[in-house]
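Notes to accompany the following structure.
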Amino acid sequence: MDVSKITRILVVALLACGLAVSAAAQTSVRIGGVMTLEGPFTVLGQEAVRAMEMAFEEVNYSVAGKRIEWIKESSDGRPDVAVGKARKLIEQDKVDILIGPMSGGEGLAIKEYAKSVPGKTILNGFSAAQETTLVNPAPNFFRFGTDGAQWQAGLGSYVYDVKGYRTAAVVAGDYSFGYTQVLGFMTEFCAKGGKVKEKIWVPMGTKDFSSAIARIPDKVDAVYVMFGGADSVNFLTQYFQAGGKIPIIGGSNVTEQTVLSTKGPFQRHIIGIPSAHMVADGIEDPAYLEYVAKYKKRFPDGLAAPSAPFYGYYVATKAALTALAQVGGDLGGNQGKFREALAKLKLDTPTGPVILDENRQAIANIFVTEVAQRPDGTLYTKVVKVMRNVNQTLGQPRDAFVARGVPSRDNPSCP
Amino acid sequence: MLLQVSAGWGRIARWTLMAAAIISYPHFAPQFWVVNIGAYAIVLGIITLSLTFLAAYGGMVSLAQMTVAGVAGYTLAILSSHAANVGSAILPWPWALAIALGSGTLAGILIGLVSVRTKGISLLMITLAIGMIFFYLTQQNTTLFHGFDGFRGVKAPIVFGMSLREPIVFYYLCMGVGIALYAAVSYMVRTPFGIALQGIRDNPRRLAALGYWVELHQVAAFGVAGFVAAVGGVLSLWYHGGISPGSVGITAMVNILIVAVIGGLGQPRGALIGALLFVLIQNFAIDLFIRERFNTVIGLTFLVIVLFSPDGLIGIWERLRRNRKRGLRSAPNGATN
Amino acid sequence: MKLFLLATLNGITVAGLYFIVAIGFTLIFGLMRVINLAHGSLYILGAYIGYDVATSTGNWYLGLAAGGVSVALAGLLIQSTLLDRIQGQEMRQSLVAIGLSIVIADLLLARYGGLAYQFDPPAILYGSVPLPIVRAYPTFRLVVVGAAVIVGLVIWLLVYRTRFGIIIRAGVDDRPMLSALGVNVPLVSILVFGLGAGLAGLAGVVGGSALSISPGEDARYLLSSLVVVIVGGMGSLSGTAIGALLIGLAEQIGLAYFPTYSVIVSFVIMAAVLALRPQGLMGRPE
C-alpha cells in the first residue's frame, strides 16, 4: 500500500517538474557546454568555462539579433557521465548547439551520441582522440582543434635535426591519448631515421614512477615523456631527483600551462624541454598577444597564460558564433545552413587560420616550442618552429594513414 | 466490516491509478524525463536492488555489484558490439544476451565463493578489492576489454523492427523488467530459501546447527544478486551505448552503495527510491543549488540521511506515517508524548 | 641487477610513505573499530594547509607541523560531533566518513582549484645522494623512510610504554570494562582519533613534498591505506609496517617487470589475504 503511495507522489512530482520546463523562446540561441569541473581534470574544466565566457562576452551574449543563453554541465572525465550530461543539455535544456567535451574517451562517446541527435550540432571542446574524426565520423560533430597526433607535428624532425638525437626511449601514460601522442612524435622521428629503443607504458593510477624511471635505458640520446597534469609534475620531480641526466622531449601536456603554472622545485629543471602543441605561450603575433592580454585582464585569478583547453573551447565557441552570424542565426531545417557554414568556415584564431577537412577535422598551425623563463620568473613555451596547416594525416595520403591502424602500445614501432 | 470493504476498493483504485500513471507516463512526459530520468533511474535501481537484496536478507553489504553488472555489460559488448574497431556481431543477440546474463550470475557466484568467509566491513573491503581488480583489468587489457576507451556505439537489438533503445520502448522494457525483478525478489524472500537466508543473517550458528549449509545459501544469494545486477548491467550498456573502465571504477561502485543507503538498505524498494533521488540530484543539483558546488550538495544530502535516518528515505517515510497514525490515535485523549 | 636493486629500494621507500599514511588509519581502527573512509581527505587537507603555511612562512618544517596539528584538530571535531554519536555502528560510521570525504574534496577544490601543488623542502632534504651500483638516489625518499621509522617508534612507545597506551590497548580489548573502570572512553576515542587524523595530515605534507598535491590524491591514498592495513592486519602496528613493505615492493617490482598489470597486484594481494586470512597477516582473529 505504501509502495503505491510513494510511487504516486513521485510520479506526480516528476510530472510537475517535467511540465514546468517551458518551451525555449525563439528569440534566443541556447548553447550548452560540457566540461570537467570535478575530478583530476578540474583545472582544465575551469579553463573551459573561462574560455566560453570570454568568447560570449566579446559579442555581448548576442548573435544575429538573438540573445545567447549559456548552460553548462560538469562531467568527471568518464564517458558515460559526459554523454549523460550532453543528453541533459540537448534533450532537457533544449540547447541548439553543444560545445565539449574535455577528454579523449568522452569525445569518442559524445561523437557516437551525436549520431542519434542529427538535428543538433556538437563542436568538440578539447578532446583530442584521433579516432573521433578519423574513423566513422559523425556528420554533426565538428572539431576546430587539432588532435593528439597533430599536436606533435614537427617535434620529431626538430629533435632529430636541431638537437641531433638519434635514439630515444618513450615513457608515457598507458592509454589512448598516450599512444596517439607517441604516434605523432614517432611518425616523423622514425621517418627521419631515428630509433625508439624502448617504450615504457605506465598505467593510469600509478602514483610512484620511480621504477618506471629505473627502466629507462642508459644509452639513448633522449627520453620522450607524455603525462598530464599532476602526473607530469610527479614524473619530472622523480626523474630529476633520481639524478636523471638524459635530456627530455615533452609530450604536449608535459609543458602545458597547467604544468608550468605549478609552483615547485621541479620547475628548476624543465627549462629547455622541447615539445609541440596547437598553442604556445611565446607566439609573437599581435592577434595572439591581444588574446593573452584579454585573458589576463578578464581572469586575474586564472593561469599565467591561457592554456590549451582554454584555446580549444574558445575556438570552438568562436566558430559557432561566427557561423551563426553568417547564417543570421538561422537554425531551421535541422541546422542545415548553420552546419554548411561551419564546414566552409575559414576561422582566424589567435594562433592562425583554421579550416576543416572533409571529416570536419581542423587543419591548423602547430608550434614546436622549448620551455623558457621570463624575467619575472614565470615559465612559458617559446616558439622555435611553426608547422603551418598541419592536417590529420600528418601530410600523408589518407588511405595509407588510416591503413596503418589506430595508435596502440605497439603501433608504430621503430626499434 | 464496511470499512474493510472500502479499504479494499481504495487499494484496488490506488493500484489501478499507479498502473495507469506508469503506463501513460511516457506519452505526456518529455522524452528526457522518460528515458534519462525514468528509465535510467530504473536501471540504476535494478543494480542497486541486487545490493539491497543481499544487504536486507543476507546481511551482506557488497561493493562489487557494479562490478557484476560490468561483467555482464562487457561480455555483451564484446560479443555483440558494432562499435568502431571491434567489428560486427560475433553472436546473434539472444545468445550474446544469455551468455552475458550467465557470466554476470557466475561472477556473482564467484565473488560469493571468495568472500563468504568474511562479513561486515571485511566483506565490504574484499568486494572493494575485487571491484578494483576488475576495474584495472578492463583499463589495462586492450585485446579483450579494449583498454581505457572501452566500447562505444554499442546498439540495442532490434526486435519486431523496433530498437529496444527507442525511448518509449526502452522505458517500458526497463519498467517491465524492473517490476518483474522486484516481484521475483519479493517472492523469493518468502520461499524456504529466502527464509533460511534471513535466518542465517540473524543467527548463522543456529541455522548451521539446524543442519543448513550456511555458505551454500550465502553463495546462492550472491548468485541471485549477480543475476539481478547482470540484468541491470545489460540495460545500462544499452542505455549508455557503451561501457568503459569508468563505468566500473571506484566512483561507480561507491555510487551504488550511496544510492542504496539514500533509499534505505533494509528494503528492496529503497533501491528504486534511492536511484530516483540520486538521478534527480545528479541532473538537477547543478540547476537548483550553487552551480559549482553540487558535489557538496550530494555529499551533504548523503551525510544527513546517514546521520539522521539509518534506514534511508524509506525509514523517514515510515516514521512520518507512524507518527501521523499515532497522532490520530492519541488526539482524542489530548496526550502528547 | 641494477633494475632489481632500484625497484627494491623504491619499494622500501614508497612503503615508508604508505606506512606514515596508514598508521593513523590503523590506530583509529584499533581502538574504535571505525573504518575511517575519510582518511584520504584528512591526508589531502593536511597537505593543503601545510602548503599554505610553508609558502607563507617560507619554512617547510612549520608547514609540516601545521599540517599535522590542524588536521588533528579537524579529527577531534569530526569524532566528537559526528562519529561519537553513532559509536558501535561500524557500517554507519564508514558511510558518514564517505559523505564527509565527498564534501571535503569538493570544498578543497573550491578553495585550491585543480592545479597541482608542490612543496619546496629545505635543500638538504632534496636532490640526490650517491649510492653504490644504483649511483644516485633521491635524498627525500630516504628521508621518508627515516621519518617512517621515527613515527613508528614514537607510536610504538606511546602505545606500549605509556599510561595512555595502556588505556588504548585496554580499550581495544574490552571497551565496556574500561568504561566501568572509570575511564572516560569517549574522550580517549576523541584523542586517538585526533592523533590518527594528525598523522594523516603530517603524511600529507610528506607525500606532497615527495610527489605533489592535487585533487584525487585523497582517493588514491585512502585506497593504499586500506590495502596496507587490511593486508597487514587491522589495528596492528607491526602489521601495518609489514603490509606497507609488501605492497610497496609488489607495486614497484611490478612496475619494473610487468608494468601493464602492476596496478592490479596490490588489490590481488588484498583480496587473497581477506579470503584466506580475513584478519590480515598480523591481525588477531575476532
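Here are some notes:
- Any hit, region B:36-52, residues being surrounded by fewer than 22 Cβ atoms within 10 Å (Cβ to Cβ), modelled with pLDDT of 90 or more and within 11 Å of chain A (Cβ to nearest Cβ): yes
- Just so you know, in region C:126-135 the residues that are under 25 Å from residue C:61 (Cβ atoms) and touching a strand residue (DSSP E or B) at 6+ places or on another chain (Cβ under 7 Å) include one that is surrounded by the fewest Cβ atoms within 10 Å (Cβ to Cβ), and it is C:129.
- Yes/no for residue A:40 being touching a helix residue (DSSP H, G or I) at 6+ places or on another chain (Cβ under 7 Å), within 13 Å of another protein chain (Cβ to nearest Cβ), within 22 Å of residue B:238 (Cβ to Cβ) and crowded, with 21+ Cβ neighbours inside 10 Å: no
- Members of region A:248-282 found to be without any contact (Cβ under 8 Å) to a residue 12 or more places away in the chain and either β-branched (Val, Ile, Thr) or in a strand (DSSP E or B) (or both), listed by number: none
- Flag if residue C:150 is crowded, with 19+ Cβ neighbours inside 10 Å, of a type outside the set (Ser, Thr, Tyr) and under 30 Å from residue C:13 (Cβ atoms): no
- Selection within region A:55-69 - within 21 Å of the chain's Cα centre (by Cα) and either surrounded by 22 or more Cβ atoms within 10 Å (Cβ to Cβ) or assigned to a strand (DSSP E or B) (or both): A:55
- Checked against (1) within 14 Å of chain B (Cβ to nearest Cβ); (2) more than 19 Å from the chain's Cα centre (by Cα), residue A:166 passes all but a single condition, namely (1).
- Every residue from region A:140-195 that is assigned to a strand (DSSP E or B) and touching a Ser or Thr at 6+ places or on another chain (Cβ under 8 Å): A:141, A:142, A:143, A:195
- Checking C:29, C:25 one by one, the residue that is within 12 Å of another protein chain (Cβ to nearest Cβ), aromatic (Phe, Trp, Tyr) and part of a helix (DSSP H, G or I) is C:29 and no other.
- Flag not set for residue A:68, criterion: touching a residue at least 24 places away in the same chain (Cβ under 8 Å), away from every other protein chain (no Cβ under 11 Å) and within 20 Å of residue A:340 (Cβ to Cβ).
- The residues on offer are A:98, A:108, and the sole one that is crowded, with 24+ Cβ neighbours inside 10 Å, in contact with a strand residue (DSSP E or B) (Cβ under 8 Å, 6 or more places away or on another chain) and within 9 Å of chain B (Cβ to nearest Cβ) is A:108.
- A search for C-beta distances below 7 Å between a residue of region A:203-229 that is farther than 11 Å from residue A:170 by Cα and any residue that is basic (Lys, Arg), counting only pairs 6+ apart in sequence or on different chains, returns A:207/C:220; A:221/A:166.
- Residue count, region C:67-94 (criterion: touching a residue at least 40 places away in the same chain (Cβ under 8 Å) and either at the interface with another protein chain (Cβ under 9 Å from one of its Cβ atoms) or part of a helix (DSSP H, G or I) (or both)): 18
- Candidates A:45, A:84 - the one that is within 14 Å of chain C (Cβ to nearest Cβ) and either under 19 Å from residue A:104 (Cβ atoms) or basic (Lys, Arg) (or both): A:45
- Of the helices (runs of 4 or more DSSP H) entirely within region B:157-220, those holding at least 2 residues that are in contact (Cβ under 8 Å) with a residue 24 or more places away in the chain and more than 30 Å from residue B:113 (Cα to Cα) occupy B:167-188.
- Those residues of region C:205-219 which are over 14 Å from residue C:19 (Cα atoms) and of a type outside the set (A, V, I, L, M, F, W, C), in sequence order: C:208, C:209, C:212, C:214, C:215, C:216, C:217, C:218
- A single entry from C:137, C:112 fulfils the requirement of being within 14 Å of chain A (Cβ to nearest Cβ), closer than 24 Å to residue C:205 by Cα and touching a Leu at 6+ places or on another chain (Cβ under 6 Å): C:137.
- Evaluation of residue C:123 against the conditions (1) crowded, with 18+ Cβ neighbours inside 10 Å; (2) of a type in the set (Gly, Ala, Ser); (3) under 23 Å from residue C:68 (Cβ atoms) shows that the sole unmet condition is (1).
- With respect to the conditions (1) under 17 Å from residue C:201 (Cβ atoms); (2) modelled with pLDDT under 95, residue C:41 falls short on a single one, namely (2).
- The listed residue being modelled with pLDDT of 95 or more and crowded, with 21+ Cβ neighbours inside 10 Å, out of C:198, C:235, C:207: C:198
- Single residue of A:73, A:38 found to be on the phi < 0 side of the Ramachandran plot, touching an Asp or Glu at 6+ places or on another chain (Cβ under 8 Å) and free of Cβ contacts under 8 Å to residues at least 60 places away in the same chain: A:38
- Restricting attention to region A:357-383 and to residues that are in contact (Cβ under 8 Å) with a residue 40 or more places away in the chain and in contact with a Phe, Trp or Tyr (Cβ under 7 Å, 6 or more places away or on another chain), the residue that is farthest from residue A:262 (Cα to Cα) turns out to be A:360.
- Answer residue from region A:205-238, given it is facing another protein chain (nearest Cβ under 7 Å) and assigned to a loop (DSSP other than H, G, I, E, B) and is nearest to the chain's Cα centre (by Cα) among those: A:205
- Subset of region C:247-286 [out of contact with any Gly (no Cβ under 8 Å at 6 or more places or on another chain) and more than 14 Å from chain B (Cβ to nearest Cβ)]: C:256, C:257
The values are calculated or read from the model by the stated rules, or taken from the named source; none is laboratory data. It should be emphasised that the depicted structure is a prediction, and the values quoted were computed from it without experimental measurement. Cβ: placed from backbone, ideal geometry, glycine included. Neighbour counts: every protein chain shown.
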